[in-house]
Amino acid sequence: MIKYSQYFAYSMLATLAGLPVGCVVGGLLTGFYALLADTGNLSQFPKAFAFGLFVAMVAAFIGILPSFLYGAPFYALLSKHKVANGLTASLIGVTPGLLVLPFEPNIAVLVLLFGGCVSLTTHLFAKRRLAQLAGTGANNSFKPKPLRGSA
């Protein structure tokens, strides 16, 4: 039986990779949304790209503690019970945003966006390794061959 600590270690490693990648995806989406909502002119593309990367850097800095203290342990728990998939990973990521939504809707939109992006990229990084971990169990593939003529 695989211990939770092994799932947790792999989940933490996946979060270490998924946090910056997910924040860059969310930051670029934010930058392009700002570009299209503000001017709609693609000549401002470099400014939108730089703005998106800046927002991604800030989001990664803010998201370090929640992703490692909340996201990675819950994802490891779901993986251990073999229910980790894109939907459950997304639910882990957007739950903090849903909790903030009644109090601060403007901030909640960003938390929903970045939480979803980070959780999905973390899932993409973790799913293969955790699936291999789930597949390691008792090896029953070695079975002695029956003797000839016995049946």
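The values are calculated or read from the model by the stated rules, or taken from the named source; none is laboratory data. None of these values were measured; they are calculated from a predicted model. Note: areas computed on protein heavy atoms with side chains; ligands, DNA, RNA excluded. Shrake-Rupley method; radii C 1.70, N 1.55, O 1.52, S 1.80 Å.
Structure summary
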quantity: Helix-only CD estimate at 222 nm, as mean residue ellipticity for the chain, using -39500 (n - 2.57) per DSSP H run (n ≥ 4); calculated: -26000 deg cm²/dmol
quantity: Table column - 3J(HN,Hα) (Hz), the stretch 87-104, Karplus curve with 6.51, -1.76, 1.60, x for Gly and Pro; calculated: 5, 5, 5, 5, 4, 4, x, 8, 4, x, x, 5, 6, 7, 3, x, 9, 9
quantity: Cut-off under 5 Å, modelled amide H: who pairs with residue 2 long-range; calculated: none
quantity: Average accessible surface area per residue within the stretch 4-134, 1.4 Å rolling probe, Å²; calculated: 58
quantity: Accessible area of the stretch 4-134 belonging to carbon and sulfur atoms, whole % at 1.4 Å probe; calculated: 77
quantity: Stretch gain in nm, segment residue 39-residue 106, where the contour uses 0.36 nm per residue and the Cα spacing is subtracted; calculated: 22.0 nm
quantity: Principal axis dimensions, the chain - Cα atoms, whole angstrom, descending; calculated: 83, 35, 22
